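What follows is a set of notes on a single structure, which appears directly below.
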Amino acid sequence: MLAAGGTACEVIAGIQNLQLVPPDGNVPTEDAQTPPESAPPDDSQTLPADAEDTDLFEASTLADGATSTEPDAGDAAPDSTDTQPDTSAGDGSSDSGPGDAPREGPPCADDLSNVGTRDFRISFSLTTSQGSLSALVNQRSNCGHGMFWDIRLSSGALEIETDDGQNYMQFTTSGRAVNNGQPHAVLVRRTSGLVTVQIDGAAVGSGVSQASFARLPPVVSGMDPCQVGPLKDNTVAFKGTLTNLCVSAP
């Protein structure tokens, strides 16, 4: 039905400006009809494509959920000096070179006087090219039987003697010569009545010793009573180096 007082064209023209009125009667303004422009993206939240390949971004500029690749100072790699093995000397063993006599055992007393038949040990380092019967180390006053112990060099081997005037023992090592001009570690020890000899850690001979040591002369190295006197033999003075001498008993 057409509105009274107007043609059809006028009615249609009026419809073009028709506005719907909400129930509360407030007609929305033109600004309310226009949606607000969207805010520009926050550049601070946008990472460049190669952000993962650079160290230019702090953790505070990373997008939510991202984590910094910068290492934390508390997680720094341990100092390599803390992982190095400990090379400090232990009982002097780490300072030993080739041919050095072993140093384990009781402290050096440089005297076997009054040890009786108990255990003892004699160690030293030796370097020589001498081939004749020669003096090494002893506690001896003459070349005959009596109260003594003696170690001599014999054609590159070691000759070991112990005596108390009644219980004499003598043997010569075999299998390893010490007169090749190279340093060698020598260890002579009595354990439960058995004297054993090691050269550079290798066993080279043994003998049973029942000698009971009482008072003995001082330790002498390089010279021997058998070089002189009416009972002298072919022993000569030692030519070479004898170091690290240690004579001890428990």
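For segment 209-235, the set of residues classified as under 22 Å from residue 131 (Cα atoms), buried (at least 17 other Cβ atoms within 10 Å of the Cβ) and hydrophobic (A, V, I, L, M, F, W, C) consists of 223, 226, listed by residue number. For residue 206, state whether it is hydroxyl-bearing (Ser, Thr, Tyr), surrounded by 13 or more Cβ atoms within 10 Å (Cβ to Cβ) and either within 40 Å of the chain's Cα centre (by Cα) or in a strand (DSSP E or B) (or both). For residue 206, the condition - hydroxyl-bearing (Ser, Thr, Tyr), surrounded by 13 or more Cβ atoms within 10 Å (Cβ to Cβ) and either within 40 Å of the chain's Cα centre (by Cα) or in a strand (DSSP E or B) (or both) - is met. With a requirement of 3 or more residues that are surrounded by fewer than 19 Cβ atoms within 10 Å (Cβ to Cβ) and modelled with pLDDT of 95 or more, the strands (runs of 3 or more DSSP E) lying completely within segment 109-183 that satisfy it span 169-172.
The values are calculated or read from the model by the stated rules, or taken from the named source; none is laboratory data. Treat the numbers as computed from the prediction; the structure is a model and nothing was measured. Neighbour counts run over all protein chains shown; Cβ positions are idealised from the backbone, glycine included.
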